[in-house]
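The values are calculated or read from the model by the stated rules, or taken from the named source; none is laboratory data. Quantities reported herein were computed from a predicted structural model and do not represent experimental measurements. Virtual Cβ from ideal backbone geometry, glycine too; neighbours counted across all protein chains shown. Surface areas here come from the heavy atoms of the whole protein model, side chains and all, with no ligands, DNA or RNA. Shrake-Rupley method; radii C 1.70, N 1.55, O 1.52, S 1.80 Å.
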Amino acid sequence: MWERAISEEFVERCKNLKKTGNIFNPIFYIVFTRLVEVSAIINEIFLPTPEDLEEMFKTRKDLLEIDLKTINETLRRAWKFEIERGVKYNFSDGIEDLMYVVYRMREVQNTIDRMIKSLVKEWKKSELVEIYFSLLVELLELEEKIQREVEREIALENFARLAKELGYSSEFLRKSYEILKDENKPLNHVRLEEVGEKSKLSELLAQTDEEEKMFVLSALKVIFGKE
């Protein structure tokens with residue numbers, strides 16, 4: 001349900017930030033701000049009323065909302081320091097993605113605010129707490145999914161690089177990976193024994209020699225894991 005608040009583009013940018021080693025985690029930031037809110041409800045700092053809910057959202061925006069001007073100034077000073085010391089920060093590679101998620105964060109948070117309000121029926125403390133925990137669980141599951149996909153993509157890139165160094169077809173490995181990605185079955189449940197049963201992949205495997213085939217299968221085993 002809550003995934004409607006977070007676009008595919010936003011998720012892709014979150015993945016890019018992880019891949020470039022950026023310290024900012026957008027999903028965890030949302031989780032943190034919502035943990036603060038549900039804690040305020042549980043401890044009755046804010047009461048389960050429409051007025052208090054609006055006040056709580058306003059308080060979050062006043063105290064916890066990321067300020068683009070502050071980030072721009074921080075980056076400006078970081079870049080100045082980069083030039084002075086002659087060494088580039090690793091996070092510089094993800095600046096475009098960082099600015100995208102920061103710019104879109106207010107939109108995501110506002111959408112979640114509206115969804116929370118639309119779900120409240122009885123304005124009871126227990127009801128609000130339950131709504132918040134359902135949100136938190138889905139956000140944590142999304143974070144896990146992003147982490148798994150990033151790990152697989154990094155593994156694929158590393159194997160493609162290794163394949164190239166060894167003279168194997170990195171494009172073949174990439175195509176094999178893409179075919180498995182298109183399967184309906186969750187990636188982490190793909191068994192090595194099933195690889196040859198998938199028709200598209202079987203066609204690809206048939207086009208290469210035994211040595212390269214075993215290399216590709218071993219790579220896929222590591223990338224996807226084996227039960």
Point to revise | Estimated inter-spin distance, Arg148 and Glu8, nm [label 7 Å along Cα→Cβ] | key: 1.9
Revision key, fill the gap. Interchain or sequence-distant (5+) residues whose placed amide H lies within less than 5 Å of the amide H of Phe24 are none
Check your understanding: Which value, in Å², gives the accessible area per residue of the stretch 13-161 when a 1.4 Å probe is used on the protein heavy atoms?
Key -> 58
Review point. Tell me, what is the 1.4 Å probe accessible area of Thr70, in Å² to the nearest 10?
Key: 80
Review point. What are the radius of gyration and Dmax of the stretch 68-159, computed over its Cα atoms and given in Å?
Key: 19.3, 60
Revision key, fill the gap. Going through Lys58/Lys125; Lys69/Lys145; Lys15/Lys58; Lys125/Lys145; Lys15/Lys125; Lys58/Lys124 one by one, the pairs whose alpha carbons sit over 27 Å apart turn out to be Lys69/Lys145; Lys15/Lys58; Lys125/Lys145; Lys15/Lys125
Review point. From the backbone phi of the stretch 43-52, what are the Karplus-calculated ³J(HN,Hα) couplings (6.51 cos²θ - 1.76 cosθ + 1.60, θ = phi - 60°) in whole Hz, Gly and Pro given as x?
Key: 8, 6, 6, 10, 8, x, 10, x, 5, 5
Exercise for review: Could you work out the relative contact order of the stretch 22-134, using alpha carbon pairs under 8 angstrom and six or more residues apart, expressed as a whole percent?
Suggested key: 43
Exercise for review: Return the ratio Rg/(2.2 N^0.38 Å) for the stretch 1-157, where Rg is computed over Cα atoms only.
Suggested key: 1.18
Check your understanding: To the nearest 10 Å², what's Trp123's accessible area with a 1.4 Å probe?
Key -> 80
